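All remarks here apply to the structure that follows.
The values are calculated or read from the model by the stated rules, or taken from the named source; none is laboratory data. It should be emphasised that the depicted structure is a prediction, and the values quoted were computed from it without experimental measurement. FYI the Cβ positions are ideal-geometry reconstructions off the backbone, even for glycines, and counts take in every protein chain you see.
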Amino acid sequence: MSIQSISLRIAPVLHHPQFTAQVESAFADACNLLTPDGVMLALVSHTIGNGPLNAVLSHFSEPTRLSAGDWLRGNGQTLWLPRGQQLSLTQAALWQPIPAYHHLAAQPETVTANIAWLRGYLPLHAPPASFAAIASASASGAFGNSHSLALGQMQAERLAAGLLHAYAAADLPALHGYAGQLAGLGPGLTPAGDDWLAGWLMGLHTRAGLMSATVHPLSTADAAAAVLSAAQGRTTRLSLAFLQAAADGAANEAWHNLITTLSKPSKRLLRAATAQVMAHGATSGSDMLAGFLAAFNNHSP
Amino acid sequence: MPVATRILSSAYFDSVTLMLVAKELLAMPGVRDAAVVMGTQANLGLLRDATLLTSQSAAATPNDLVAAVLADDDHAAEAALAALDGLLTASRSNAGSDAGAARPRTLRAALRQSPDANLAVISVAGRYAAREARSALDHGLHVLLFSDNVSVEDEIELKQRAAARGLLCMGPDAGTAIINGVGLGFANDVTRGPVGIVSAAGTGLQSVSSDVARRGSGVSQAIGTGGRDLSEAIGGQTMLAGIAALQADPATKVIVLISKPPAPAVTARVLQAAKNSGKPVVVCFLGADPGQIEKAGLIPVSTLEQAAAVAVALARGEEWCSPIIACDQAPLAWLPQARAAAAALQPQQRFIHGLYSGGTFCYEAQLILRNLPDGLYSNAPVSAAVSHPIPPDAVIHGHHVILDLGADEYTVGRLHPMLDPSLRNRMIGQTGDDAEVAVLLLDVVLGYGAHPNPAGEAASAIRAAQARAAAAGRTLPVVAFVCGTEEDPQRLSDQEALLREAGALVVPSNAQAARIAALIVAEHS
């Protein structure tokens, strides 16, 4: 058994000659690890594929199945799992988690048209429990009719609007405040509020790639730093790690594909790439996409 | 009212699991509200706003799981929280991510658990499907290959391998079958009887097997071949093997073949094999030339409803012409309703809008509606002579539109509409805003594997659409049919009643539904 590819973001950690990590959570296709230094990374199957925190295994099956609390050790070349199994790192390819945003600048009209198309597509296809579907009547019954979480959906809408106004006004303290209230909002390992924020940060990186000369007084780095500092301690470790990756513009393969497809005129390809992004998690993909599109709306100059 | 809280430290579940568990807790007796969330400050704020926050949950950290229940009394709250562990385990197991479940993960392990099994149902990602099917055949198992995205070369090789071992390879992309009374995939609960079916069309098989049961007869075997089996490349290998199996089966008195028109060379081979079976054979090759079928000494029918009616008549030893006439004339009985619906339409309401979850039903409806003036558009057009393809992202005005919502473009990244009707529900709702729509045409498919209450879902959407139409001063006639049986988990009569209560005209077959929709448009014009 071996690891086939490793994100550049986690490669230095995994290749450390004295690597140790504990399994924080284990699912059918992914296993999240936490190092003693607080770094999150994941061993995943091909079904999940490459991502900013991921190492993709050649076979993710019964022998590699891990449980929460298990310890893993490595020497930079081999990873030892509990129960004696080994994973070789020597053949692993390195994967760049940051998409080539700058390529978008060559096709600004196509990208703009595709963004407009996505705005129409998302509300129609988003799952009812997602933030993206808040405005549609189909959102009734979301979150299993739990009053508290339906309340969360409404709050998220208000907070997202507030954050966008704060960004438009280059009001960094207000942006920090709204981001802090969105962080950790919603059920699951990566709460929906975080997904929306991660998507918005990805959207800012995409805008920056699209427009060679940005006129906004807040740089993407400023906004990202405000979001990260606001989210610190307010969300799960795993979700914070994803937010940190998004703040740097890093994303999984599905997002790479979508970013690339934005500059192509084919709606068939765009629809397929969008569906792939939206297929992530129960609502995570749609929530990220909602945040991504918000970076292009009228509140953002 | 008391609030009870439980904190699980460092417990991680995905949001689907947490939403499902919260829903289960809400359904428990005496529970007024429930939330199961990670203990982030934002979520604790939500709990506070919903009066679900306690001093215990206020101390939770973002990496703690918090379950909170508001109930009528302490007993109800504690009972709900006592069920929490079981619900979390069960939901995660149902979501397919339970690390501890004792389920076999390989074919070999499954055979150790069930050494007498003689059929494998395979539903894995397409790139692994051929390998697993090959392994199953090599272990002497018949195969139902649910997976799609298997190459033509692999399909040919698998079917040759099956033939060499005297086994059936149903699929790839075979969504349903009924073998020795056991429904596989999307199957309906039908009684056993004298009618054997071989079908390259999934909902076609469901429709005919259900209709046979509704007519008081039963099904011996129903063999799905996969949609590509009758292409020139595959050569109808599974349909030929299926005909041979039914020929040898003493319980099968009548054989029904269902497909879109096969490749010409394959048609000749299949019809010859059917003729050689020595049993009466009803051939429902939707849209095919009936002359060639008749010439082979077989019985051609043009709709799924006719196939069931004729097969049942033959099994009872009755003559087969009158069921065809009866099926064709049945829609005329609905003329008064059609006229009443047409009379209430506005002048600009001229077009049929069909939103199908079953691909075969969509195909059959296009054939029935092909001669309507103004042209027919579909995302799954039958042929240039019947209907036009919808250009990508185009909005069609001034024409009839029949959509297959189970097609790839509607199901990438989401469940098939027979499982998750939410997209169709939204589209039904939007139909209420379309001033040109004269009739909304719908199918509802029951059976194992389908949504637990598909008609209930459709009925809510129909009400919403009709309310939106009414707000604009229009009516919106809805014609629907339900594919299923009384024995299905959803129960046919209950599902039909839900649609009728929502104001839909509910008829017994897709063919009748399409013809009645055409009647309404014709009466209006």
message: When you check B:ALA233 against the structure, is it touching a residue at least 12 places away in the same chain (Cβ under 8 Å) and outside any strand (DSSP E or B), yes or no?
response: yes
- request: Mind telling me which of the residues A:GLY177, A:GLY152 ends up being at pLDDT 75 or above and either in the same structural domain as A:LEU243 (by TED's automatic domain parsing) or touching a Cys at 6+ places or on another chain (Cβ under 7 Å) (or both)?
  value: A:GLY177
- line: Looking across segment B:37-90 at residues that are part of a strand (DSSP E or B) and in contact (Cβ under 8 Å) with a residue 40 or more places away in the chain, the single one that is surrounded by the fewest Cβ atoms within 10 Å (Cβ to Cβ) is B:ASP64
query: In this structure, is B:ASP72 more than 9 Å from chain A (Cβ to nearest Cβ), modelled with pLDDT of 85 or more and farther than 20 Å from A:GLY193 by Cα?
result: yes
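Would you tally the residues in segment A:225-237 being buried (at least 23 other Cβ atoms within 10 Å of the Cβ) and either without any contact (Cβ under 8 Å) to a residue 12 or more places away in the chain or of a type outside the set (S, T, N, Q) (or both)? Let's see the steps before the verdict.
Keep residues of segment A:225-237 that are buried (at least 23 other Cβ atoms within 10 Å of the Cβ), which gives A:226-227, A:231, A:234-236.
Now narrow it down to the ones that are either without any contact (Cβ under 8 Å) to a residue 12 or more places away in the chain or of a type outside the set (S, T, N, Q) (or both): A:226-227, A:231, A:234.
Number satisfying all stated conditions: 4.
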Verdict on B:ALA380 being surrounded by fewer than 16 Cβ atoms within 10 Å (Cβ to Cβ) and without any contact (Cβ under 8 Å) to a residue 40 or more places away in the chain: no
Subset of segment A:170-201 (residues that are within 12 Å of chain B (Cβ to nearest Cβ) and not in a helix (DSSP H, G or I)): A:ALA183, A:GLY184, A:LEU185, A:GLY186, A:PRO187, A:GLY188, A:LEU189, A:THR190, A:PRO191
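Is there a residue being within 24 Å of the chain's Cα centre (by Cα), within 14 Å of chain B (Cβ to nearest Cβ), crowded, with 16+ Cβ neighbours inside 10 Å and in a loop (DSSP other than H, G, I, E, B) anywhere in segment A:3-13?
no
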statement: Checked segment A:202-261 for anything among the β-branched types (Val, Ile, Thr), under 18 Å from A:LEU164 (Cβ atoms) and not in a helix (DSSP H, G or I); matches are A:THR214, A:VAL215
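Residues in segment B:118-131: is at least one modelled with pLDDT under 85 and either closer than 16 Å to A:GLY188 by Cβ or over 31 Å from the mean Cα position of the chain (by Cα) (or both)?
No, segment B:118-131 contains no residue that is modelled with pLDDT under 85 and either closer than 16 Å to A:GLY188 by Cβ or over 31 Å from the mean Cα position of the chain (by Cα) (or both).
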Residue under evaluation B:ASP211, criteria (1) without any contact (Cβ under 8 Å) to a residue 60 or more places away in the chain; (2) crowded, with 24+ Cβ neighbours inside 10 Å; (3) not small (Gly, Ala, Ser), criterion not met: (1)
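Yes/no per residue for (1) closer than 23 Å to B:PHE186 by Cα; (2) of a type in the set (Gly, Ala, Ser); (3) touching a residue at least 12 places away in the same chain (Cβ under 8 Å):
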{"position": "B:PRO421", "(1), (2), (3)": "yes, no, yes"}
{"position": "B:THR431", "(1), (2), (3)": "no, no, yes"}
{"position": "B:ALA438", "(1), (2), (3)": "no, yes, yes"}
{"position": "B:LEU441", "(1), (2), (3)": "yes, no, yes"}
{"position": "B:ASN453", "(1), (2), (3)": "yes, no, yes"}
{"position": "B:SER460", "(1), (2), (3)": "no, yes, yes"}
{"position": "B:VAL478", "(1), (2), (3)": "no, no, yes"}
Residues (out of contact with any Gly (no Cβ under 7 Å at 6 or more places or on another chain) and either at pLDDT 95 or above or part of a helix (DSSP H, G or I) (or both)) located in segment B:144-155: B:VAL152, B:GLU153, B:ASP154, B:GLU155
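Yes/no per residue for (1) among the polar types (S, T, N, Q); (2) in contact (Cβ under 8 Å) with a residue 60 or more places away in the chain; (3) surrounded by fewer than 24 Cβ atoms within 10 Å (Cβ to Cβ):
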{"residue": "B:ALA110", "(1), (2), (3)": "no, no, yes"}
{"residue": "B:GLN113", "(1), (2), (3)": "yes, no, yes"}
{"residue": "B:GLU153", "(1), (2), (3)": "no, no, yes"}
{"residue": "B:ILE156", "(1), (2), (3)": "no, yes, yes"}
{"residue": "B:VAL190", "(1), (2), (3)": "no, yes, no"}
{"residue": "B:LEU205", "(1), (2), (3)": "no, no, no"}
message: Out of everything in segment A:42-94 that is farther than 23 Å from A:LEU8 by Cα and in a helix (DSSP H, G or I), what residue ends up being farthest from the other protein chains (Cβ to nearest Cβ)?
response: A:GLY84
- request: Go through the residues of segment A:266-285 one by one and say whether even a single one is more than 15 Å from A:ILE115 (Cα to Cα) and more than 9 Å from every other protein chain (Cβ to nearest Cβ).
  value: no
field: Qualifying residues in segment B:115-124 (those that are in a loop (DSSP other than H, G, I, E, B) and in contact (Cβ under 8 Å) with a residue 24 or more places away in the chain) - the one surrounded by the fewest Cβ atoms within 10 Å (Cβ to Cβ)
entry: B:ASN118
query: If you check A:GLN276, A:GLN232, which single one turns out to be within 29 Å of B:LEU44 (Cα to Cα) and either not basic (Lys, Arg) or not assigned by TED's automatic domain parsing to the domain that holds A:GLU24 (or both)?
result: A:GLN232
- request: Report yes if some residue within segment B:312-323 is modelled with pLDDT under 95, of a type in the set (A, V, I, L, M, F, W, C) and not assigned by TED's automatic domain parsing to the domain that holds B:PRO508; otherwise report no.
  value: yes
